[in-house]
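Step one of this worksheet: look at the structure below.
The values are calculated or read from the model by the stated rules, or taken from the named source; none is laboratory data. Since the model is a prediction, treat every value here as computed from it, not as a measurement. Cβ placement follows ideal geometry from the backbone for every residue including glycine, while neighbour counts extend to all protein chains displayed. SASA here: full protein model, heavy atoms, side chains in, ligands and nucleic acids out. Shrake-Rupley method; radii C 1.70, N 1.55, O 1.52, S 1.80 Å.
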Amino acid sequence: MAFGDQPAYLRVAGDLRQKIVAGELPPHTRLPSQARIREQYGVSDTVALEARKVLMAEGLVEGRSGSGTYVREQPVPRALARTGYRTAGESTPFRQEQADSRVKGTWESRSEQVAVDSALARRLRVAAGDRAMRTDYLFRAGGESVMLSTSWEPLALTGRTPVMLPEEGPLAGRGVVERMAAIDLIVDNVAEEVSARPGLAEEVLALGGVPGHYVVVVSRTYFAGGCPVETADVVVLAERYRVAYHLPVK
């Protein structure tokens with residue numbers, strides 16, 4: 001489709017987008033009203049409204065109740081560093097996920113026993129309905145919510161051991177590798193898959209994003225002798241992170 005053949009609302013959205021990127025409409029500036037867009041571009045109210053919806057869906061503007069629509073300040077993407085297998089002695093789950101060792105992170109966690117569904121059963125190579133310890137994390141850096149993580153560990157392996165609860169006991173808060181080594185499970189491989197999807201409302205809210213924004217999901221599984229000992233989903237806002245892999249050459 002040639003540019004001139006684009007629907008009117010896309011042409012209007014494109015022009016406004018260019019002004020935002022160029023700084024003509026800087027962050028926190030009120031977007032022209034629907035009436036102003038209609039007058040300036042010679043379009044209908046419907047076209048003006050659809051153009052604003054496009055910019056909102058792209059995360060360039062946000063609506064403020066009773067005030068109007070404003071240009072959002074765009075975050076500078078951080079690197080979510082992935083460096084492959086980590087040896088024993090790695091400190092905390094938060095530290096393992098950070099690209100900058102100077103970041104001082106804190107986290108909240110909550111663990112509960114659950115029955116795994118069929119999708120998780122395939123990841124853990126157990127039967128659907130088997131029990132696992134699920135732990136939900138919310139990680140913060142400098143007081144800002146930056147990351148969610150949910151992990152599952154088969155209770156057939158960790159049940160009735162000192163590491164059954166990841167955040168309690170003698171190895172509370174340590175990495176998976178070190179915790180599993182304490183019960184003679186030597187992690188020797190890690191597999192990851194990276195995907196993107198629309199964020200769930202509760203995820204986006206917890207991370208301080210805008211409804212409708214996409215999230216990056218890193219699905220990670222630790223193996224010991226070919227047996228999965230933990231699988232987890234790490235979730236970050238797509239606009240804030242780029243996944244950076246540093247893989248050793250063998």
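Based on the Cβ-Cβ distance from residue 53 to residue 206, what FRET efficiency comes out when R0 is 25 Å, to the nearest 0.05? Let's see the in-between values first.
Numbers: r = 25 Å, r/R0 = 0.98.
It comes to 0.50.
So for the pair residue 214, residue 110, with labels modelled 7 Å out along Cα→Cβ, what separation do we get in nm?
Calculated label separation equals 3.0 nm.
Based solely on its DSSP helices, what 222 nm [θ] is calculated for the chain when runs of n ≥ 4 H residues each add -39,500 (n - 2.57) and the sum is averaged over all residues, nearest 500 deg cm²/dmol? Intermediate values should be presented prior to the final figure.
Numbers: 8 runs with 63 residues, N = 250.
Helices in the chain give a 222 nm mean residue ellipticity of -6500 deg cm²/dmol.
So which trypsin sites (Lys or Arg not before Pro) in region 122-162 end up in coil per DSSP with only 11 or fewer other C-beta atoms within 10 Å? Please list the in-between numbers first.
Details: sites: 122, 123, 125, 131, 134, 140, 160; in loops: 125, 160.
Loop-located and lightly packed - 160.
Per residue, how large is the accessible surface of region 95-229? Use a 1.4 angstrom probe and give square angstrom. The partial results should precede the final answer.
Details: 6830 Å² over 135 residues.
That works out to 51 Å² for each residue.
Any chance you could list P(r) for region 110-178, counting all Cα-Cα pairs in 5 angstrom bins from zero, rounded to whole %?
Calculated P(r), rounded to whole percents: 4, 16, 23, 23, 17, 11, 4, 2, 0.
Please tell me the relative contact order of the chain in percent, rounded to the nearest whole number, where contacts are Cα pairs under 8 Å and at least six residues apart. Could the numbers behind the result be given before it?
Values: 445 pairs, mean separation 44.3, N = 250.
Across the chain, relative contact order equals 18 percent.
How high is the FRET efficiency from residue 19 to residue 161, r the C-beta distance, R0 45 Å, rounded to 0.05?
Numbers: r = 60 Å, r/R0 = 1.32.
Plugging the Cβ-Cβ distance into 1/(1 + (r/R0)^6) gives 0.15.
DSSP loop (so not H, G, I, E, B), at most 15 other Cβ within 10 Å: list which GluC sites (Glu not before Pro) in region 21-58 pass both filters. Please list the in-between numbers first.
Working: sites: 24, 39, 50, 58; in loops: 24, 58.
In loop regions of region 21-58 (DSSP not H, G, I, E or B), the sparsely surrounded GluC sites (Glu not before Pro) are 24, 58.
Once you have the Cα-Cα distance between residue 184 and residue 138, take 0.36 nm times their residue separation minus that, and quote the gain in nm to one decimal.
Details: separation 46, 0.36 × 46 = 16.56 nm, distance 2.88 nm.
Contour length minus the Cα-Cα distance gives 13.7 nm.
Residue 122 versus residue 65, label points 7 Å from Cα toward the beta carbon: distance in nm?
4.1
With Kirkwood's inverse mean 1/r over C-alpha pairs for Rh, give me the Rg to Rh ratio of the chain, two decimals please.
On the way: Rg = 22.8 Å, Rh = 20.8 Å.
So for the chain, dividing Rg by the Kirkwood Rh gives 1.10.
In region 117-226, which GluC sites (Glu not before Pro) fall in coil by DSSP and have 13 or fewer other Cβ atoms within 10 Å? Walk me through the intermediate numbers first.
Values: sites: 144, 167, 168, 178, 192, 193, 202, 203; in loops: 167, 168.
Qualifying residues, ordered by number: 168.
So how much accessible area does residue 67 have, in Å² to the nearest 10, using a 1.4 Å probe?
Solvent-accessible area, nearest 10 Å²: 50 Å².
Only bridges with both residues in the chain count here: give the DSSP antiparallel percent, nearest 5.
On the way: 51 of 56 bridges.
Once the DSSP bridges in the chain are tallied, antiparallel ones form about 90 percent.
What do you get for the angle between helix 45-57 and the principal long axis of the chain? Use alpha-carbon atoms, 0 to 90 degrees, nearest ten.
With both axes taken from Cα atoms, the answer is about 30 degrees.
To the nearest 10 Å², what's residue 246's accessible area with a 1.4 Å probe?
The accessible area comes out at roughly 110 Å².
Two-decimal Rg/Rh of region 126-250 from alpha-carbon positions, Kirkwood Rh? Mind showing how you got there, number by number?
On the way: Rg = 15.8 Å, Rh = 15.9 Å.
My calculation puts Rg/Rh at 0.99.
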